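Following: one structure in structure tokens, then a few remarks.
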Amino acid sequence: MKLEGSGRRIYLAHSLIIKICGITRVNDANAAKDNGADIIGVVRAKSSKRFMDSKFTDSLSSMGFNVAGVYDDREYLLNNFSEEAYIQIHYPHRPEEISKIRKISGKKIISVINAENVFRPEFRIESYVKEADLVLIEQKPKIVNLLDDLQPFHSNAGLAGGITPEDIPEIVRKGFQFVDLSSSIEISPGIKDLRKLSAIKEVRSSLEPYA
């Protein structure tokens, strides 16, 4: 599928990063990877229905999955991070927090920013983009409702919040190259819908590179 752009050279299929979050079963991790997931998200927030302990994270990492541990509490993060490749900071934080967590953990960092902050005149997303390996702008229940007002600030900035496989072409057309899918592809919390996972592969294969 050729997507109309602004004339700049875009390689959609080669640069898109897909993260599937809320994985609680090895079978779902395999299915996610087989259907195009680049990063497997494991929720390490104890308040979540999708919470999994470090043994599960370490097990996936040992099997070769590119795992992101998702944390909503700084103290718990510092005492419980393990073998994940990425730490996703999912609590309010400043850019300095990103560099501190990276230094302490030795991990790559995904910084999650509430979309409401992006629209504040005094907010500077550039400082987060500079510090983090990846940035997610999140808005629930549906980030694509804000798509017309959002800009792809940097190639490592992406979107999260109610994204479905069908939303991906529109998001990529806007210029974002990183998407996070979770609850929209589930049968129940933490249990993925294999049909919806396969739809991700179909969408990804349709995003052909063009000049």
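The values are calculated or read from the model by the stated rules, or taken from the named source; none is laboratory data. All of these numbers come straight from a predicted model, not from anything done at the bench. Cβ placement follows ideal geometry from the backbone for every residue including glycine, while neighbour counts extend to all protein chains displayed.
The residue that is nearest to the chain's Cα centre (by Cα), counting only those in the stretch 172-199 that are part of a strand (DSSP E or B) and in contact (Cβ under 8 Å) with a residue 12 or more places away in the chain, is 180. Residue-level check: of (1) under 18 Å from residue 192 (Cβ atoms); (2) free of Cβ contacts under 8 Å to residues at least 60 places away in the same chain; (3) not hydroxyl-bearing (Ser, Thr, Tyr), residue 46 misses just (1).
So that you can scan it fast, the table gives a plain yes or no per residue for (1) out of contact with any helix residue (DSSP H, G or I) (no Cβ under 7 Å at 6 or more places or on another chain); (2) at pLDDT below 95:
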| site | (1), (2) |
| --- | --- |
| 126 | yes, yes |
| 132 | no, no |
| 145 | yes, no |
| 151 | yes, yes |
| 157 | no, yes |
| 162 | no, no |
| 177 | no, yes |
| 193 | no, no |
| 202 | yes, yes |
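Can you tell me which residue in the stretch 80-108 is nearest to residue 52 (Cα to Cα), limited to those that are β-branched (Val, Ile, Thr) and assigned to a strand (DSSP E or B)? Please lay out each step first, then the result.
Step one: list which residues in the stretch 80-108 are β-branched (Val, Ile, Thr), which gives 87, 89, 98, 101, 104.
Now drop any that are not assigned to a strand (DSSP E or B), which leaves 87, 89.
On the way: 87: 14, 89: 16 Å.
Looking at residues that are β-branched (Val, Ile, Thr) and assigned to a strand (DSSP E or B), I get 87.
Applying the set (1) without any contact (Cβ under 8 Å) to a residue 12 or more places away in the chain; (2) under 28 Å from residue 203 (Cα atoms); (3) buried (at least 16 other Cβ atoms within 10 Å of the Cβ) to residue 17 leaves exactly one unmet item: (1).
Restricting 113, 104 to residues that are of a type in the set (Val, Ile, Thr), modelled with pLDDT of 95 or more and surrounded by 15 or more Cβ atoms within 10 Å (Cβ to Cβ) narrows the list to 113. State the number of residues belonging to the stretch 80-101 that are surrounded by fewer than 14 Cβ atoms within 10 Å (Cβ to Cβ) and charged (D, E, K, R). Total satisfying the criteria: 2. Is it the case that residue 140 is assigned to a loop (DSSP other than H, G, I, E, B), in contact (Cβ under 8 Å) with a residue 12 or more places away in the chain and of a type in the set (Lys, Arg)? Yes, satisfied. Are any of the residues in the stretch 71-79 modelled with pLDDT of 95 or more, surrounded by fewer than 20 Cβ atoms within 10 Å (Cβ to Cβ) and not in a helix (DSSP H, G or I)? Yes.
Filtered by the rule that a residue be out of contact with any Gly (no Cβ under 9 Å at 6 or more places or on another chain) and crowded, with 16+ Cβ neighbours inside 10 Å, the stretch 148-163 gives 150, 153, 154, 156, 157, 158, 159, 160, 161, 162, 163.
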